Amino acid sequence: MAAYLGRRLIYIIPTALGVATIVFFIIHLIPGDPVLAMLGDDAPTEAVEDVRRALGLDQPLSTQYLQFIGGLFRGDLGVSITAPRPIASEVRRVLPYTIELAGTAMLIGLTLGLPLGITQAVKRASGLDFVASVISVIWYAAPIFWVALLGMYFFSLRLGWFPLTGAGERGNITSTLYYLALPAITLGLRRIALVARMMRSSVLDVLGQDYIRTARSKGLSERIVVYRHAVKNAVIPVITASGMEFGTLLGGAVITEIIFVRPGMGRLIVQGILGRDYPMVQGTLLIFALIFLFVNLLVDVSYAGIDPRIRYD
């Protein structure tokens, strides 16, 4: 296991460098001048050139790239253009908000989606299976911003169950959960639908295997056959797909943070794009990529806990 983890961690380095390179050059292809975004289109040419020189934007793109990569090896994400603050400190300030939102949404999706999918598979072609399948398709197809606006209208404005915007008082668990509930549910509904559909399909596939028929022929109860033999194997591809879907979940967290006016990485990215703040966008997107890589590593390691037959050499 230790050797496997070591290799995977080493592989993260070139992957992260590749992501950083792609992000750097794509960001610089975005139309607009960050200096003009700061000073305005009517700013004097001399002032524009002075600011561009001070920010190092007058240097060749290759030089800016090498400085960016060199900073990454020193653990330096750079300094924001629009607000002269280190990007690393800004990320440390807002990253917990995004992690708690995405993590809670994923927990909601797995906690409710897995048993729902298993129940649908066991009761295949029943009324429950049909209704759950229809609802899953609708929720999975519904845009996150639409679900968020509906939730805000009914549960915040009409019923008053949840606050409309904000993230609550930091350090106060009750306040944090109160403000987190509606955004997390909004983001988690799509995960519930996806996990339930995948789990249903995976369980049905496993129930048709020979070893399941053998277990039934031994006189084992259907409950033992399903939960002790089928589910353990059926859940592995679902966990894999959930890890791969974490990138989509982070993208949904960006939209959710904007709608619910929550602090987080999403707001940093949007502010960076609108302000042509190249270092801010590069740094935040790189952090997103690293989170995605580490989540997939955790997913791979979790296989051994789910199925003891899996070994890492």
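The values are calculated or read from the model by the stated rules, or taken from the named source; none is laboratory data. Values in this document were obtained by computation on a predicted structure and should not be read as measured data. Reconstructed Cβ throughout: ideal geometry from the backbone, glycine too, with neighbour counts over all protein chains shown.
Among helices (runs of 4 or more DSSP H) entirely within the stretch 41-141, having at least 2 residues that are within 23 Å of residue 259 (Cβ to Cβ) singles out 87-122, 127-141. Residues in the stretch 239-258 that are in contact with a Ser or Thr (Cβ under 8 Å, 6 or more places away or on another chain) and modelled with pLDDT of 85 or more: 2 in all.
Residues of the stretch 255-268 being in a helix (DSSP H, G or I) and either buried (at least 22 other Cβ atoms within 10 Å of the Cβ) or in the same structural domain as residue 72 (by TED's automatic domain parsing) (or both), which ones? Explain how you work it out, then say what you get.
Going through the stretch 255-268, the residues in a helix (DSSP H, G or I) turn out to be 255-259, 265-268.
Answer for the stretch 255-268, where residues must be in a helix (DSSP H, G or I) and either buried (at least 22 other Cβ atoms within 10 Å of the Cβ) or in the same structural domain as residue 72 (by TED's automatic domain parsing) (or both): 256, 257, 265, 266, 268.
Restricting the stretch 195-234 to residues that are among the basic types (Lys, Arg) and in a helix (DSSP H, G or I), the residue that is nearest to the chain's Cα centre (by Cα) is 197. Tell me, yes or no, whether the stretch 19-36 has at least one residue that is farther than 30 Å from residue 172 by Cβ and acidic (Asp, Glu). Yes; the residues of the stretch 19-36 include at least one that is farther than 30 Å from residue 172 by Cβ and acidic (Asp, Glu).
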